[in-house]
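Right, one structure below, let's go through it.
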Amino acid sequence: MGGHARVRAGRQHVERAADAVWIAGLVLGLVVLPVLAVTAALDGRSWSSVVRCDVNAGTGPQRARMIELERQASGVVGWDIGKGEVANGTHCAADDNDVIRAPWWRS
């Protein structure tokens, strides 16, 4: 008879552990991960690589900081952060700083 009581007690511990894991997964999936996703989306960093390129907008080539959208031929098509428009850039080099604006909580 003592063996049945130990087996039942062992099952109860396993069921409690399974319930705790289920609750932890639920909290993680419904609260923690969405908060982290929103924070990552609004932290002011680019989701794509940031490069410094020569951009010619009709007044001669100037160095500009761009978010790379697509690579084409000898350069990139990207979003010119300073001018706020799409531009073609050549002679591009990676920029280690991927911050493109202040985080939403500082705005």
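The values are calculated or read from the model by the stated rules, or taken from the named source; none is laboratory data. Values in this document were obtained by computation on a predicted structure and should not be read as measured data. Glycine gets a Cβ as well: all are built from the backbone with ideal geometry, and neighbour counts include every protein chain shown. What goes into the accessible areas is simple: the full protein's heavy atoms, side chains included, and nothing from ligands, DNA or RNA. Shrake-Rupley method; radii C 1.70, N 1.55, O 1.52, S 1.80 Å.
Structure above, values below:
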read-out: Virtual spin-label span in nm between residue 102 and residue 52, 7 Å along Cα→Cβ; value: 2.4
read-out: Carbon/sulfur fraction of accessible area - the chain, other protein chains in place, 1.4 Å, %; value: 61
read-out: Residue of 67, 23, 81 that the Gaussian network model of the chain assigns the largest fluctuation, springs spanning Cα pairs under 10 Å; value: 23
read-out: Relative contact order %, the chain, counting alpha carbon pairs below 8 Å whose residues are six or more apart; value: 24
read-out: Estimated distance in nm for a label pair at residue 40 and residue 13, the labels positioned 7 Å out from Cα along Cα-to-Cβ; value: 3.7
read-out: Alpha-carbon radius of gyration plus Dmax, which is the widest Cα pair, for the chain in Å; value: 26.2, 93
read-out: Computed lengthening from residue 33 to residue 81, 0.36 nm per intervening residue step minus Cα-Cα distance; value: 14.3 nm
read-out: In the range 39-107, the chymotrypsin sites (Phe, Trp or Tyr not before Pro) that fall in loop regions by DSSP, at most 11 other Cβ within 10 Å; value: 47
